[in-house]
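> The structure is given below, and queries will be raised subsequently.
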Amino acid sequence: MDPVFTVAVGCALVVISALAVVLLRKPVHTALGLLAHSLSMAALYLMLDAQLMAMAQVLIYSGAIVVLFLIVVTLLPSGGQEQLGAGRLATAVIAGGAVFVVFMAVLSSHLQAGVSIPSIFGVGPSVKEVGAPLFSSLLLPFELTAPLLLASIVTAIALWRRQEKPRAGGLG
Amino acid sequence: MTPELVVVIAAFAVFACGAIGVIYRKNPIAVLMSVELMINASILVLILGSRVHGNAEGQSAGLLVLVLGAAEAVVGLALALALFRNEAKVDVDDAREIVG
């Protein structure tokens, strides 16, 4: 099958599910849209010969982050409707359209200047090749993810605990 | 039109969708999900660059950005829960404080 066709189908799924995330009103529907987006993104990674990233996307993103979103949605108080007006949508579409137009302008100016995006078909990098830069050129960012995750955990707990009412006889 | 060009344009479109969502939505959870869309678009461009240049380093950087997205989701959801704690309002624009 034509590689452009398969990639275009994957890209269409990615963009449609992204639109679903933005436009669906109910939080549960939005979370399911994000799940569809994440899975179609993983399919696109597979088409780009990035098998490790596809697995990471399914396990970390679909498996952990989207489920975290769903849990938070269930914790939210029910009722309440977003008041989203047409003027607000128009503003958002103008701003998003401007972002898209600027990106496309940069891309087309590069293409016209003779910069080409080559097509490389073949086997993607192995897990070993993907992991090696994490211990050489990308060592510092890789090490910094540990304090980043620790800081986010501490922040989440601190945000929650400071609002907890002190219990009688308890430590908190 | 090469597959790579299609992917770049799709990544632009997803990033623009995320930007639209951040401005349009009022529910903090939906705003966070829109930010996640933008992060996903950037990861897609990183992976495409890794493939185009035949360099695995782009994928390694994509993994790091994935971790960044997870950390952002954790802090953002904690903030959203703190916001929703006392009253059932669903508007980030009205929020002035998170301590009840």
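> Within region B:1-24, take every residue that is of a type outside the set (Gly, Ala, Ser) and more than 7 Å from every other protein chain (Cβ to nearest Cβ) and give me the one that is surrounded by the most Cβ atoms within 10 Å (Cβ to Cβ).
B:Val22
> Okay, moving on. Among the residues that make up region A:114-127, is at least one of them without any contact (Cβ under 8 Å) to a residue 60 or more places away in the chain and assigned to a helix (DSSP H, G or I)?
No - not one qualifying residue is present in region A:114-127.
> So, of the residues in region A:17-68 that are outside any helix (DSSP H, G or I) and at the interface with chain B (Cβ under 7 Å from one of its Cβ atoms), which turns out to be surrounded by the most Cβ atoms within 10 Å (Cβ to Cβ)?
A:Ala50
> Mind checking which pairs have a first residue in region A:28-52 that is touching a residue at least 40 places away in the same chain (Cβ under 8 Å) and a second that is open to solvent by less than 10 Å² (accessible area, probe 1.4 Å) and not aliphatic (A, V, I, L, M), Cβ under 6 Å, 6 or more apart or different chains?
A:Ala31/A:Phe69; A:Met47/A:Gly10; A:Ala50/B:Gln59
> Of the residues B:Leu37, B:Leu48, only one is within 22 Å of B:Val6 (Cα to Cα), open to solvent by less than 40 Å² (accessible area, probe 1.4 Å), more than 17 Å from the chain's Cα centre (by Cα) and at pLDDT 90 or above; which?
That would be B:Leu48, the only listed residue that is within 22 Å of B:Val6 (Cα to Cα), open to solvent by less than 40 Å² (accessible area, probe 1.4 Å), more than 17 Å from the chain's Cα centre (by Cα) and at pLDDT 90 or above.
> Turning to a different aspect of this structure: Does region A:12-25 include one or more residues that are modelled with pLDDT under 90, under 20 Å from B:Gly76 (Cα atoms) and not aliphatic (A, V, I, L, M)?
Scanning region A:12-25, I find at least one residue that is modelled with pLDDT under 90, under 20 Å from B:Gly76 (Cα atoms) and not aliphatic (A, V, I, L, M), so the answer is yes.
> Go over the candidates A:Leu149, A:Leu134 one by one and state the one that is under 30 Å from B:Ala82 (Cα atoms), assigned to a helix (DSSP H, G or I) and modelled with pLDDT of 80 or more.
A:Leu149
> Could you tell me which numbered condition A:Met104 fails, if it satisfies all but one of (1) more than 24 Å from A:Leu13 (Cα to Cα); (2) surrounded by fewer than 17 Cβ atoms within 10 Å (Cβ to Cβ)?
So A:Met104 meets the others, but not (1).
The values are calculated or read from the model by the stated rules, or taken from the named source; none is laboratory data. Worth saying up front: this structure is predicted, and the values here are computed from it rather than measured. Cβ: placed from backbone, ideal geometry, glycine included. Neighbour counts: every protein chain shown. Surface areas here come from the heavy atoms of the whole protein model, side chains and all, with no ligands, DNA or RNA. Shrake-Rupley method; radii C 1.70, N 1.55, O 1.52, S 1.80 Å.
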